[in-house]
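Chemist: Input: one structure, supplied below.
Every number in this text was worked out from the coordinates using simple rules, so none of it is lab data. Since the structure is predicted, the reported quantities are computational estimates derived from the model, not experimental observations. Cβ atoms come from the backbone with ideal geometry, glycine included; neighbour counts cover every protein chain shown.
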Amino acid sequence: MAKSKTVFVCESCGATQPKWSGQCPDCGAWNTLTETVPAAPSKPGAAAPPVSFGDTTPQVQKLNAITPRETPRTPTGLSELDRVLGGGLVPGSVILIGGDPGIGKSTLLLQVLAQLSADIPALYDTGEESLEQVQLRAQRLGVADADLAVLAETCVERVLALAKPQAPRLLVIDSIQTVFSQALSSAPGSVSQVRESASMLVRFAKATGTALILVGHVTKEGTIAGPRVLEHMVDTVLYFEAEASSRFRVIRAVKNRFGAVNELGVFAMSGAGLKQVTNPSAIFLSRHETAVPGSAVMVTREGSRPMLVEVQALVDESQLSNPRRVALGPDAQRLAMLLAVLHRHGGIPLGDQDVFVNVVGGMRVSETAADLAVLLAALSSFRDKPLGERLIIFGEVGLAGEIRPVPGGEERLAEAAKHGFTRAIVPKANAPKSKRVGELEVVGVARLGDAIEAVT
Ligand code: TYD
Ligand code: MG
């Protein structure tokens, strides 16, 4: 039987196995091996042909004799997108934009392309929609008369053959999971197809200096199919983040060879596409009329921009022998640790309580600077007592109950003062000597006990 010809490719790490097994022997992921027929000329795992940048043959050189060329950047016309890209599109760079289906990837890219096509030749290839659907979307976005080259083609070889004479400076493939290479017999969206198609497109981008944007859908597990394969093939990885019900969309750079990571761009979905939110501080607050129990406002600093974010906690007597700890926004492990610190060093037992923590607006807060706000929000809910009006909190909590300083304290305090907050509880080392920033009174705390006292 032809069975001996097939191999099994891990959907998670891309490794090839001769036999099926429940767990990938290379990366340890479960149920990720899928059967594929390798094509004769380009076996999965075979080394890609060397990428040549233009016509120059590679030479061994001394590092100190190399003068890098200034990286020219093309602004996208959306400053929030330029911010996550590190200042605009770099020629020959490859950007992967990931996110859940329906979050707004195609919308954002069509808006950007329509605007850019006035200045540079751009090509939009869609494998998901017909050209009529793209035109209808363009009408909704008010860019129906854009001078933009569009194509609905899923075969990479044909896309490249059609793209070459157009000499686009920007090529968008929407999405990488829908395109396929004729060299492989496996289905579009499989790891080997995604890898092969992407590597052909990347070679084209590098050889011609075309900026390339690949759209990638995120799987149920929250990763782009063949994530590791794609992530290390590209220069920049951007992810769309949003809460299902929220109209706000956050784009985060998780990898960037041309800029800082963790930089955020904030957009709002409207009837006419995505609008940028250039001053996002206030949108992650729920603006209660008066202070309510379980709510704390913190200043997070994602990338280079301080932002005000509201953390909400609900602490309620549990009916379960194993009380629930649910964290939407902060890390769940971190929450468990913080509750242990609150018990051990604050004397507040929450062992028999369910604890839910949510960050308003679906923001993911990975910084440890959120610790103190999460703890005090939980305490406030437990005591059913508001923390106080116009109060801002940030600081890292250590296992010994100490409150550790966080980077960018001055900027965070300045942002809070700018938005009319009047009291701040922050790590002692982040508090200015004068104990004031404008109208903001700053209380520096060194231990968890001091912080609890400051809100009692
Ligand atoms: P889309 O860009 O198609 O998502 P993706 O490419 O990431 O799968 O986003 C489509 C969603 O956005 C859809 O639910 C409708 C909504 N939408 C608006 O609210 N306003 C608009 O102007 C457009 C074009 C879409
Ligand atoms: Mg789409």
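Chemist: Quick one: divide the alpha-carbon radius of gyration of segment 283-454 by 2.2 N^0.38 Å and tell me what you get. Display every interim value, and only then the final one.
Modeler: Numbers: Rg = 14.8 Å, N = 172, 2.2 N^0.38 = 15.6 Å.
Taking N as the residue count of segment 283-454, the ratio is 0.95.
Chemist: Taking Cα centroids, how far is segment 83-122 from segment 172-206 in Å?
Modeler: 19 Å
Chemist: Sorted by mean Cβ packing within 10 Å, highest first, what order do the peptides 289-295, 99-105 take? Write out the running numbers ahead of the final one.
Modeler: On the way: 289-295: 15.1, 99-105: 17.4.
Going from most to least packed, we get 99-105, 289-295.
Chemist: Follow-up question, since we're still on this one. Using a 10 Å cut-off on Cβ atoms, rank the peptides 263-275, 128-140, 298-310 from the highest mean neighbour count down.
Modeler: Working: 263-275: 18.0, 128-140: 14.2, 298-310: 21.8.
Highest-to-lowest ranking by the protection proxy: 298-310, 263-275, 128-140.
Chemist: Something else about it: Could you give the length gained by full extension between Thr456 and Val292, i.e. 0.36 nm per residue of separation minus their alpha carbon distance, to one decimal place? Present the calculation step by step, with values, prior to reporting the outcome.
Modeler: Details: separation 164, 0.36 × 164 = 59.04 nm, distance 1.46 nm.
The span from Thr456 to Val292 would gain 57.6 nm if fully extended.
Chemist: Past the 11 angstrom mark, what percentage of all C-alpha to C-alpha distances in segment 393-436 do you count? Show your work: numbers first, answer last.
Modeler: On the way: 626 of 946 pairs.
Looking at segment 393-436, the distances longer than 11 Å represent 66 percent of pairs.
Chemist: For segment 123-199, what number results from the quotient of the Cα radius of gyration and 2.2 N^0.38 Å?
Modeler: Numbers: Rg = 13.3 Å, N = 77, 2.2 N^0.38 = 11.5 Å.
Normalised Rg, Cα atoms only: 1.16.
Chemist: Next up: If you count, for each residue, the other Cβ atoms within 10 Å and average over each peptide, how do 13-21, 388-396 line up from highest to lowest? Present the calculation step by step, with values, prior to reporting the outcome.
Modeler: Values: 13-21: 14.3, 388-396: 22.1.
Ranking, from highest mean packing down: 388-396, 13-21.
Chemist: Now for a different question. Report, in debye and to the nearest 20, how large the dipole of segment 73-278 comes out about its Cα centre when Lys and Arg carry +1 and Asp and Glu carry -1 on their Cβ. If you can, show how the numbers build up before the last one.
Modeler: Values: 19 positive and 20 negative charges, 83 e Å.
Computed about the Cα centre, the dipole is about 400 debye.
Chemist: Moving on. How many percent of DSSP beta bridges within segment 366-456 run antiparallel, rounded to 5? Please list the in-between numbers first.
Modeler: Values: 5 of 13 bridges.
Of the beta bridges lying entirely in segment 366-456, close to 40 percent run antiparallel.
Chemist: Let me ask something additional. In debye, nearest 20: dipole of segment 283-454 around its Cα centre with unit charges on the Cβ of K, R (+) and D, E (-)? Walk me through the numbers on the way to the answer.
Modeler: Values: 20 positive and 21 negative charges, 78 e Å.
Result for segment 283-454 is approximately 380 debye, rounded to the nearest 20.
Chemist: I've got another one for you. Under 4 °C and 1.567 mPa s, how fast does the chain diffuse according to Stokes-Einstein, given a Kirkwood radius computed over C-alpha pairs? Answer in µm²/s, whole number. Walk me through the intermediate numbers first.
Modeler: Numbers: Rh = 24.6 Å.
It diffuses with D of about 53 µm²/s by this estimate.
Chemist: With a cap of 10 neighbouring Cβ atoms within 10 Å, and only residues DSSP puts in a loop, list the trypsin sites (Lys or Arg not before Pro) found in segment 400-435.
Modeler: Working: sites: Arg412, Lys418, Arg423, Lys428, Lys433, Lys435; in loops: Lys433, Lys435.
Counting only loop positions with at most 10 other Cβ atoms within 10 Å, the trypsin sites (Lys or Arg not before Pro) in segment 400-435 are Lys433.
Chemist: Give, in nm to one decimal, the length gained when the segment between Glu441 and Lys385 is fully stretched (0.36 nm per residue of separation minus the Cα-Cα distance).
Modeler: Numbers: separation 56, 0.36 × 56 = 20.16 nm, distance 2.12 nm.
Taking 0.36 nm per residue and subtracting the Cα distance, the gain is 18.0 nm.
Chemist: Taking the Cα-to-Cβ direction at Trp20 and at Ala118 and moving 7 Å from each Cα, how far apart do the two end points lie in nm?
Modeler: In this crude spin-label approximation the distance works out to 5.5 nm.
Chemist: Shifting gears a bit: Give the calculated FRET efficiency between Lys433 and Val326 to the nearest 0.05, with a Förster radius of 56 Å applied to their Cβ-Cβ distance.
Modeler: Efficiency, from the Cβ-Cβ distance: 0.90.
Chemist: Report the Stokes-Einstein translational diffusion coefficient (µm² s⁻¹, integer) for segment 101-257, Rh taken as the Kirkwood radius over Cα pairs, at 20 °C with viscosity 1.002 mPa s. Don't skip to the answer; put the middle values down first.
Modeler: Details: Rh = 16.1 Å.
Estimated via Stokes-Einstein, D reaches 133 µm²/s.
Chemist: Here is a follow-up. What whole-number volume per residue, in cubic angstrom, does the convex hull of the C-alpha atoms of segment 237-309 give? Walk me through the intermediate numbers first.
Modeler: Numbers: hull volume 8.6 nm³, N = 73.
Convex hull of Cα atoms, per residue: 118 Å³.
Chemist: Can you compute the FRET efficiency between Thr154 and Val261 using 1/(1 + (r/R0)^6), with r the Cβ-Cβ distance and R0 = 30 Å? Round to the nearest 0.05. It would help to have the intermediate numbers written out before the result.
Modeler: Details: r = 32 Å, r/R0 = 1.05.
E(calc), rounded to 0.05, equals 0.40.
Chemist: Largest first and to the nearest Å, give the Cα extent of segment 149-189 along each principal axis.
Modeler: Taking the Cα atoms of segment 149-189, the three principal extents are 30, 17, 14 Å.
Chemist: Anything over 29 Å Cα to Cα? Flag those among Lys385/Lys435; Lys19/Lys206; Lys164/Lys275; Lys206/Lys255, in the order listed. Walk me through the numbers on the way to the answer.
Modeler: Working: Lys385/Lys435 26 Å; Lys19/Lys206 36 Å; Lys164/Lys275 33 Å; Lys206/Lys255 18 Å.
Beyond 29 Å between Cα atoms: Lys19/Lys206; Lys164/Lys275.
Chemist: OK, next. Apply 1/(1 + (r/R0)^6) to the Cβ-Cβ distance of Asp145 and Thr71, taking R0 = 30 Å, and write down the FRET efficiency to the nearest 0.05.
Modeler: 0.40
Chemist: Taking the alpha carbon gyration tensor of segment 353-456, what are the square roots of 5 times its eigenvalues, largest first, to the nearest whole Å?
Modeler: Details: eigenvalues 84, 48, 42 Å².
So the three semi-axes of segment 353-456 are 20, 16, 14 Å.
Chemist: Dipole of the chain, Cα-centred, from +1 at each Lys and Arg C-beta and -1 at each Asp and Glu C-beta, to the nearest 20 debye?
Modeler: Here the size comes out at about 820 debye.
Chemist: Taking every DSSP beta bridge with both residues inside segment 73-278, roughly what % is antiparallel (nearest 5)? Don't jump to the answer; show the numbers that get you there.
Modeler: Working: 17 of 40 bridges.
Within segment 73-278, antiparallel bridges account for around 45 percent of the total.
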